[in-house]
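Down below is the structure, laid out as structure tokens.
The values are calculated or read from the model by the stated rules, or taken from the named source; none is laboratory data. Bear in mind the structure is a predicted one, so any value in this text is a computation, not a measurement. Quick reminder, even Gly has a Cβ in these numbers, built from the backbone with ideal geometry, and neighbours come from all protein chains shown.
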Amino acid sequence: GPKVLQIPSHQIIDMGQMVTLNCDPVSNHLYFYWYKQILGQQMEFLVNFYNGKVMEKSKLFKDQFSVERPDGSYFTLKIQPTALEDSAVYFCASSSGGALGDTQYFGPGTRLLVL
Amino acid sequence: GQQVQQSPASLVLQEGENAELQCNFSTSLNSMQWFYQRPGGSLVSLFYNPSGTKHSGRLTSTTVIKERRSSLHISSSQTTDSGTYLCALEPNTNTGKLTFGDGTVLTVKP
């Protein structure tokens, strides 16, 4: 099926540093998402993005978080500064339909550890 | 309360047995999506099912909107089916945001 890629697969950083997680979505998709999963816990929605703008964000999407997709390249999630509670697996997803409804395809995740 | 409730939380089968996984939801939905989460964590989309019944090999998904439930049936289970199955509700709010259940951990023994 369609593939979403995420770079890096793992990242270890010190608390307070900045981190950028990169997502290469399915090529013709227009809607992009980030989800967060703490080990052993439920997958939770962070934010979705369409046409250069955030459509909706959850309470987990703190002020330290930002997303962008400059010039149609990677869809990125930036955390600045990071906190210990940001340690989790971050999944990127993309879909073609958005409000029309469509399958979301997920990447393999980036495992972030904040020390 | 939780918008999406999955049951059972865990299930152990002998190879060849069938499995029925349930997902109940409390809000209006645009669709229900079922995923398989590999032990390493990556998600595989199994079904996008707004209503009715869909089939894919040994898997069948049925969503009944009036009864606010969706099910995933696995027939003739295999050891490679072991892993976590997640349902995710896409609400009727035009944003595509998915709300996930807690998952069913399936173990199929040889």
A:G40 within 27 Å of A:L115 (Cα to Cα) and more than 14 Å from every other protein chain (Cβ to nearest Cβ): no
Matching entry among A:V19, A:V4 (being hydrophobic (A, V, I, L, M, F, W, C) and more than 28 Å from B:V105 (Cβ to Cβ)): A:V19
Is at least one residue of the range A:94-112 of a type in the set (S, T, N, Q), within 11 Å of another protein chain (Cβ to nearest Cβ), over 28 Å from B:L29 (Cα atoms) and assigned to a strand (DSSP E or B)? yes
I'd like to know if the range B:87-100 contains one or more residues that are among the acidic types (D, E) and surrounded by fewer than 19 Cβ atoms within 10 Å (Cβ to Cβ). no
For the range A:3-22, does any single residue satisfy the condition of being on the phi > 0 side of the Ramachandran plot, touching a residue at least 24 places away in the same chain (Cβ under 8 Å) and surrounded by fewer than 13 Cβ atoms within 10 Å (Cβ to Cβ)? yes
Residue that is modelled with the highest pLDDT [pool: residues in the range B:16-43 that are surrounded by 14 or more Cβ atoms within 10 Å (Cβ to Cβ) and not in a strand (DSSP E or B)]: B:E17
Return yes when A:S27 is free of Cβ contacts under 8 Å to residues at least 24 places away in the same chain and farther than 16 Å from B:K97 by Cα and no when it is not. yes
Are there any pairs, at least 6 apart or on different chains, whose C-beta atoms fall under 6 Å, with the first in the range B:72-90 and within 18 Å of B:G41 (Cα to Cα) and the second assigned to a loop (DSSP other than H, G, I, E, B) and small (G, A, S), and if so, which? B:T84/B:G103; B:L86/B:G103; B:C87/B:G101
Working carefully through the options B:T99, B:T95, B:T84, B:T27, find the one that is more than 9 Å from chain A (Cβ to nearest Cβ), out of contact with any helix residue (DSSP H, G or I) (no Cβ under 6 Å at 6 or more places or on another chain) and closer than 22 Å to A:N48 by Cα. B:T27
Subset of the range A:54-93, residues within 14 Å of chain B (Cβ to nearest Cβ), part of a loop (DSSP other than H, G, I, E, B) and closer than 14 Å to A:Q6 by Cα, comes to none
